[in-house]
2 protein chains.
Amino acid sequence: MQFDKHNALIVRQAEPFNAGPPLALLIANSVTPTDLFFVRNHAPVPEIDVNQYHLQVDGNVRKPLSLTLADLHFKFQPVTVAATLQCAGNRRQELSAAQPIPGELRWGTEAISHATWTGVRLRDVLLEAGVSPDDAWQNHVALTGLDETEREGKPINFGGSIPMEKAFGREVLLAYGMNGQPLAPVHGAPLRLVVPGYIGARSVKWLSRITVQANPSDNFFQTHAYKLFPPNICEETRNWEAGLMLGETPITSVICSPHPALRLKPGLLELQGYAMAGGNRQVAWVEISADEGWTWVRADFTNDAQPWSWRLWRARVNVKAGQRQLMVRAVDSAANTQPPDIMQIWNVHGYINNAWHRVRVEVRP
Amino acid sequence: MQFDKHNALIVRQAEPFNAGPPLALLIANSVTPTDLFFVRNHAPVPEIDVNQYHLQVDGNVRKPLSLTLADLHFKFQPVTVAATLQCAGNRRQELSAAQPIPGELRWGTEAISHATWTGVRLRDVLLEAGVSPDDAWQNHVALTGLDETEREGKPINFGGSIPMEKAFGREVLLAYGMNGQPLAPVHGAPLRLVVPGYIGARSVKWLSRITVQANPSDNFFQTHAYKLFPPNICEETRNWEAGLMLGETPITSVICSPHPALRLKPGLLELQGYAMAGGNRQVAWVEISADEGWTWVRADFTNDAQPWSWRLWRARVNVKAGQRQLMVRAVDSAANTQPPDIMQIWNVHGYINNAWHRVRVEVRP
């Protein structure tokens, strides 16, 4: 574990920069301070001349657009949305402990953060380009960033797509502000997409182009990366077409405190953590067990329910002396549950681990 | 098991009438023939004079409406939507076998069916009443049927509500037609709501009134019935406020064939069944195991993917001689999974059983 020189983040990869906050700081605030917001980059942060910057809007649109930042600021209604973003690889470490997942970042439970985002609605820009929600029902909106990397020996930009139905959601923003400040370069300045309820990868940073098209993006990060496969599929048997292109995330919950390294005393123990529902769903409840699932205690929420936002929770359980396992599980507003066993959802690239989160602690009188 | 005199349905309750199709017929067609469509009634079918019938639209609307059937037919755009409806109590039998659930219907796996629905969009009627999607963001749409029953000693009409956001969905219909025919009395004639992706109870039949209001309906079937509780909550500890008002359903899958009573021979066995994702989600894949979950085989879909619609599937697995358990599980487009163990989701009223479905069969050479 390595801390960044410039802030308190735990660095998972230095180049490109990938880092997240220490767990105690992660749950200290319902709104994550910008310096602590997790960073997931696939390439170096691009250098962008904001005066030359244009956002292209093209494809199946009646009126293609080329918008300056001033156009975005002054020609559209500014909107602020609070939203939690979570990397599809959050909690990969638990999956790769069960069976190795080479070539992917070993995120702990810290690849999630919550911020307020300010910008304009993607729908308003699409409407300005002459897209009608009626004829666009089946379309997709492809997104391209200015960050450049390499895949299969060729230079590519990061990209992806979301269904038009989602693009017309009132919550999807072209954001130029974060937590009341101008967006920082590492978070996608001057402009990024924010797609609440979806895996973080669809919230394309350093956004340069929006293309309306009949099919999902053919960008590597839509067609190959960020695809889910059943547990029995390995690299050799993987058929890219048969994978699920990830979009909405499922319900998850995590114990952030106590830390497993702590020595604990028997008796009443306080646990804290977060829970997050995907799509437009809400966390219905969070439950804790300290006795291998025989009994469960309902946690209390310590922040208010808000659309597109995580819930922070606190619970007290009695722990006896010995090696104990603390477990958390949550249910969402569509009655979705978390899988008890990590092997039920293990997958070759280690995405979307939402198994019951378990922390082993040592309790000594 | 009792068959209805007039058709092939298995009757779970004669009065009020509650019945569903035999499983072999259920999966014989992607579109369930109307005579086989499951019936969930809470009261006798009301007698309605179609010439006197009016739909009231009131509450927080700029222009209250009183619409005749002719108004609905000729003043709004007719729309047809294919949608699967499923009772929240589907598969309760498995839950009540684990621990009794008195006072609720013991549905097997047949309280689900698929039809095409014709009518007008609820959103079009709400727009006509002067509701704007913009000011109505937080509101609910309460629905009242003409069917009368009794709860806690008082006569009440069946009712419920859906969030305004869902009410504005293009898929939510005021339906007067089913499978290309006028709606039958037992299915809600002359007019019912159809809320794809939600528990069947919100698709209120014999609809008489639509009320726009700040809060969910205070009807018994919204505030008490159709509420989900964690497994450890019993009738004595149940706090109605702490339950989840059911709306969207979670991913489920069921083995309809082979029937458990059949004698099977060792070797390649064909299984058939259905899978259904809730909300606006899709079934990503369906997997079968005949060896207690050690290996899983991916099923083939036998009907096309369509929004709001179930998938029928077929799979072949090798079975060895002995008492064998066949299991099915599915994953949806938001990476939601089904719980392996029924006790993880057992609840006091027996709703939303989406545990891995298991069929025990005897295999003899």
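Assorted remarks:
- Around B:Arg106: net Lys/Arg minus Asp/Glu count, Cβ-Cβ under 12 Å: 0
- Nearest beta-carbon to the B/A symmetry axis - residue in chain B, distance in Å: B:Asn336, 2
- Cut-off 14 Å between beta-carbons: net charge of the residues surrounding B:Val120, Lys and Arg +1, Asp and Glu -1: +1
- Residues of the range A:173-204 with amide N under 18 Å of a point placed 7 Å along Cα→Cβ from A:Leu127: A:173-175
- Shielding of B:322-335 by partner chains, average beta-carbon count, 10 Å: 4
- Derived scalar couplings ³J(HN,Hα) [the range B:23-33; Karplus, 6.51 cos²θ - 1.76 cosθ + 1.60; whole Hz; x for Gly, Pro]: 4, 5, 7, 4, 9, 6, 9, 5, 9, 5, x
- Using θ = phi - 60° and Karplus 6.51 cos²θ - 1.76 cosθ + 1.60, couplings along the range B:163-170 (whole Hz; Gly, Pro as x): x, 4, 4, 5, 4, 7, x, 5
- Overall form of the protein assembly as shown per C-alpha gyration tensor (a/c, 1.5; a/b vs b/c): oblate
- Taking amide H as placed 1.01 Å from N in the peptide plane, B:Ala284 has its amide H under 5 Å from the amide H of B:Val331, B:Asp332, B:Ser333, each at least 5 places away in sequence or on another chain.
- Amide H partners (placed H, <5 Å) of A:Gln13, local residues excluded: A:Asn18
- Fraction of beta bridges assigned by DSSP in chain A that are antiparallel (%, nearest 5): 90
- Shortest-first nm distances, A:Ala305 label point to equivalent points in other copies (7 Å, Cα→Cβ): 3.1
- Measuring against 32 Å, Cα to Cα, the residue pairs A:Lys75/A:Lys166; A:Lys75/B:Lys75; B:Lys227/B:Lys265; A:Lys166/B:Lys75; B:Lys75/B:Lys227; A:Lys265/B:Lys227 contain A:Lys75/B:Lys75; B:Lys227/B:Lys265; B:Lys75/B:Lys227; A:Lys265/B:Lys227 as the ones spanning a longer distance.
- B:Pro33 label point (Cα plus 7 Å toward Cβ) to equivalent points in the other copies: 7.0 nm, shortest first.
- Projected onto their three principal axes, the Cα atoms of the range B:188-229 cover extents of 34, 21, 17 Å, largest first.
- 222 nm mean residue ellipticity, helices alone, for chain A (DSSP H n ≥ 4; -39,500 (n - 2.57); rounded to 500): -2000 deg cm²/dmol
- Peptide B:287-299 shows a mean partner chain C-beta count of 1 within 10 Å per residue C-beta.
- Distances between equivalent label points of B:Pro266 across the copies, with each point positioned 7 Å along Cα→Cβ, amount to 5.3 nm, shortest listed first.
- DSSP-loop chymotrypsin sites (Phe, Trp or Tyr not before Pro) across the range A:97-155, with at most 16 other Cβ within 10 angstrom: A:Trp137
- DSSP-assigned coil residues among chymotrypsin sites (Phe, Trp or Tyr not before Pro) in the range B:222-318, each with at most 14 further Cβ atoms within 10 Å: B:Trp294
- Three-way shape label, chain B, alpha-carbon gyration tensor, a/c 1.5: prolate
- Scalar couplings 3J(HN,Hα) for the range B:231-248, obtained by applying the Karplus form with A = 6.51, B = -1.76, C = 1.60 to θ = phi - 60°, are x, 7, 8, 10, 4, 6, 9, 6, 10, 3, 5, 8, x, 8, 5, 6, x, 4 Hz; x denotes Gly and Pro.
- Selected from A:Phe76, A:Phe37, A:Phe221 as most flexible by GNM, with chain A as the system and alpha-carbon contacts under 10 Å: A:Phe76
- Trypsin sites (Lys or Arg not before Pro) restricted to the range B:1-72 and DSSP loop, no more than 13 other C-beta within 10 Å: B:Lys5, B:Arg62
- With at most 10 other Cβ atoms within 10 Å, longest stretch of chain A clear of loop GluC sites (Glu not before Pro) (DSSP): A:48-151
- Mean separation of Cα contacts under 8 Å, 6 or more apart, over the residue count of chain A: relative contact order %: 16
- Taking amide H positions as modeled 1.01 Å from N, with prolines and chain starts lacking one, the residues under 5 Å from B:Ser208 and 5 or more places away or on another chain are B:Thr144, B:Gly145, B:Leu146.
Each reported figure results from applying straightforward, stated rules to the coordinates on display, with no laboratory input. Just so it is clear, the structure is predicted and the values come from calculations on it, not from any experiment. Positions of Cβ are backbone-derived with ideal geometry, glycine not excepted, and every protein chain shown enters the neighbour counts.
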